[in-house]
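So the structure is just underneath, and the comments pick up after that.
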Amino acid sequence: MHVLYERCAGIDVGKDVIAVAVRRPGDGVDGRTTVKRTFKTFYGVLREAAKWLTSQGVTHVAMEATGIYSAPVLHALVEHGNFA
């Protein structure tokens, strides 16, 4: 079974910056488009990232991280976005 989420995001977590890519319907070759942004890892900025993801209509997020750097990102997503 092939599952395609209409609006989803991938987050690459680093020590100082997170890179976020949102996939959504658009004019791309496959009928989709990608929007990329970076955010600093200060908690206030992570809250803004979570709010931005929600404003983009993102329903599912996948994170790639090593070590403890993913914890603040996860907390911001759960507290300030619609992600559990």
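Tabulated data for the structure shown
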{"quantity": "Mean separation of Cα contacts under 8 Å (6+ apart) over length of the chain, as relative contact order %", "calculated": "32"}
{"quantity": "Exposure of LEU4 as accessible area (Å², to 10), given a probe of 1.4 Å and all protein chains", "calculated": "120"}
{"quantity": "Helix-derived mean residue ellipticity, 222 nm - over the chain, DSSP H n ≥ 4, -39500 (n - 2.57), to 500", "calculated": "-9000 deg cm²/dmol"}
{"quantity": "Candidates ALA49, ALA65, ALA21: whichever shows maximal mean-square fluctuation once the chain is modelled as a Gaussian network with Cα springs under 10 Å", "calculated": "ALA65"}
{"quantity": "Area accessible to solvent at THR34, 1.4 Å probe radius, in Å²", "calculated": "60"}
{"quantity": "Which label in [x] 1.08; [y] 2.10; [z] 1.23 gives the computed Cα Rg over 2.2 N^0.38 Å", "calculated": "[x]"}
{"quantity": "Accessible surface ranking that places the most exposed of MET1, MET63 first, with a 1.4 angstrom probe", "calculated": "MET1, MET63"}
{"quantity": "Degrees separating the helix 70-80 axis from the principal Cα axis of the chain, which is the longest one", "calculated": "70"}
{"quantity": "Efficiency of FRET between THR59 and VAL17 - r from beta-carbon atoms, R0 35 angstrom, step 0.05", "calculated": "0.90"}
{"quantity": "In nm, spacing of pseudo-spin labels at GLU48 and ASP27 (7 Å Cα→C-beta vector)", "calculated": "2.8"}
{"quantity": "Tilt relative to the chain, helix 43-55 - C-alpha long axis, 0 to 90 degrees, to 10", "calculated": "20"}
{"quantity": "Label point 7 Å beyond Cα of ASN82 along Cβ direction - residues of region 14-35 with amide nitrogen under 20 Å", "calculated": "21-26, 33, 35"}
{"quantity": "Residue range of the chain that is longest and free of chymotrypsin sites (Phe, Trp or Tyr not before Pro) which are both DSSP loop and sparsely packed (at most 13 other C-beta within 10 Å)", "calculated": "43-84"}
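The values are calculated or read from the model by the stated rules, or taken from the named source; none is laboratory data. Quantities reported herein were computed from a predicted structural model and do not represent experimental measurements. Neighbour counts run over all protein chains shown; Cβ positions are idealised from the backbone, glycine included. Accessible surface is based on the protein model in full, side chains and every heavy atom, while ligands, DNA and RNA are left aside. Shrake-Rupley method; radii C 1.70, N 1.55, O 1.52, S 1.80 Å.
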